[in-house]
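Read the structure below first, then the notes.
What follows draws every value from the coordinates through simple rules; no lab data is involved. Given the structure is predicted, the values throughout are model-derived calculations rather than measurements. All Cβ positions, glycine included, derive from the backbone under ideal geometry; neighbour counts span all protein chains shown.
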Amino acid sequence: MLAVWIDHARRLGAEALAFLLAADCPGCDSPGSLLCPDCADALIARPVRRTTPGGVQVWAAHEFDSVVARCIRRVKEDGQTLLVPPLGAALRAALPQELDGALFVPVPTSRAAFRRRGYRVPEVLLRAAGRSPCRMLASTGARTDQRSLGRAARARNVRGSMRVRHPLLGPAGAGAVVIVDDVVTTGATIDEAARVLRQAGHRVLGAVALAATPSRSEHGVNG
Ligand SMILES: [Zn+2]
């Protein structure tokens, strides 16, 4: 345990140093600051709600605008975990009281993504938001990269991509759960998570995310 912690601290130190040396704002690339005042301000939660095609209520800290999108990408692709605390604070501010007492279940991270990053993005965000993740969902590995896929193809691609690891985990066996993801786009991942959790007997109260793209229905046919 100690060895793991030391390794983590060392990695964080190297990362902090690299971050300071780079010294550009991860939100807008303006030089000379870790997170410029404008971008720090842009990360303050502006909670939005939407509903997935499958009817799951999503509470998100932000619409998927450029500063938030760039910061999440830095965490996901560039390993800039120093951005996790401000992002986690935004997520925390977006958690509604009605979800208190539920188990927070992150969508699973694929083995490949975990190997590449060394951490699970929904989990680190949730921890930074002051909640403990309940790792109840596991990836089955039956899923390909879906960034280039459209809405219908994503829904097909995600089907069967996860399973419930401990069907009876929870204070009183199956219970109320909240799905956690970093970004919600089409909602296909959330809907699949909800499907397998319900199949295992859980009550899905909704989902929380750092950012969500607006629903088409909320923003007209062109949005
Ligand atoms: Zn900036």
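As a length-normalised measure over Cα pairs under 8 Å and 6 or more apart, the relative contact order of the stretch 45-212 settles at 31 percent.
The three principal axes of the Cα atoms in the stretch 45-212 give end-to-end lengths of 38, 35, 29 Å, sorted in falling order.
Mark the label point 7 Å from the Cα of SER66 along Cα→Cβ and return the residues of the stretch 23-40 whose backbone N is within less than 13 Å of it. Zone members listed by number: 27-30, 39. For ALA138 and ALA93, what is the calculated FRET efficiency with R₀ set at 25 Å and r taken between the beta-carbons, to the nearest 0.05? E(calc), rounded to 0.05, equals 0.25.
Considering only CYS134, PRO85, PHE114, and ranking their Cα positions along the charge dipole of the stretch 45-212 that arises from unit charges at the beta-carbon of Lys, Arg, Asp and Glu, the one farthest toward the positive end is PHE114. Extension gain for the segment ALA112 to SER30, taken as residue separation times 0.36 nm less the Cα-Cα distance, is 26.3 nm to one decimal.
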